[in-house]
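This report concerns only the one structure given below.
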Amino acid sequence: MIKIIDSNATCSYDLSLSAMVTIIQPVPVFAQVDPICEGKSGNPLLTTSSNGVSGTWSPVFNNLLTTTYTFTPTSSCSSSVQMTVVVISTNVPTFNQVAPICEGTFLANLPLTSINGYNGTWSPAINNLQTTTYTFTPTPISGVCIDFAYMTIVVN
């Protein structure tokens, strides 16, 4: 309640004011997380938004399944937001197993293209003198998740 008195002090008025107050609640802003490869380590969900709102995500991050997460701000003055993180299945290059060989027997280079069509390279170099485990490193393909492949060649 406000009391207003005119300049001659002869009259006074009681005046009620109602005011509209607008409370601006910051909406947390996050950059959309790019799709991730199945099983990729680390949690890409930040706990502070780009406009400074802190909080937590639920459910717990799952790197095996596409999931929609809800960000709940620490302050009750901010609103929650959601983000879906897409998880892409990981493909594994497949190869025919090389049969055991006798020490010193000719051993051909391993194929640079898998049976299921992924290109890459093997390491270490072929060794026909001892049993060795070889690693196939696939050539990256945009938007496709490809895992490493392994083959042990037994040398008797």
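The values are calculated or read from the model by the stated rules, or taken from the named source; none is laboratory data. Note that this is a predicted model, so its numbers are computed, not measured. With ideal geometry, Cβ positions are generated from the backbone for all residues, glycine too; neighbour counts draw on all protein chains shown. Accessible surface areas use protein heavy atoms only, side chains included; no ligands, DNA or RNA. Shrake-Rupley method; radii C 1.70, N 1.55, O 1.52, S 1.80 Å.
In the range 15-54, which residues are in contact with a strand residue (DSSP E or B) (Cβ under 7 Å, 6 or more places away or on another chain) and at pLDDT below 65?
LEU15, LEU17
Between THR66, THR133, THR152, which is at pLDDT 95 or above and under 22 Å from ILE36 (Cα atoms)?
THR66
May I ask you to list the residues in the range 130-145 that are open to solvent by 40 Å² or more (accessible area, probe 1.4 Å), closer than 30 Å to GLY104 by Cα and assigned to a strand (DSSP E or B)?
THR133, THR137
Residues in the range 35-49: is at least one of a type in the set (A, V, I, L, M, F, W, C) and closer than 18 Å to ALA149 by Cβ?
Yes: one or more hits.
Condition test on THR105, is it touching a strand residue (DSSP E or B) at 6+ places or on another chain (Cβ under 7 Å) and among the polar types (S, T, N, Q)?
no
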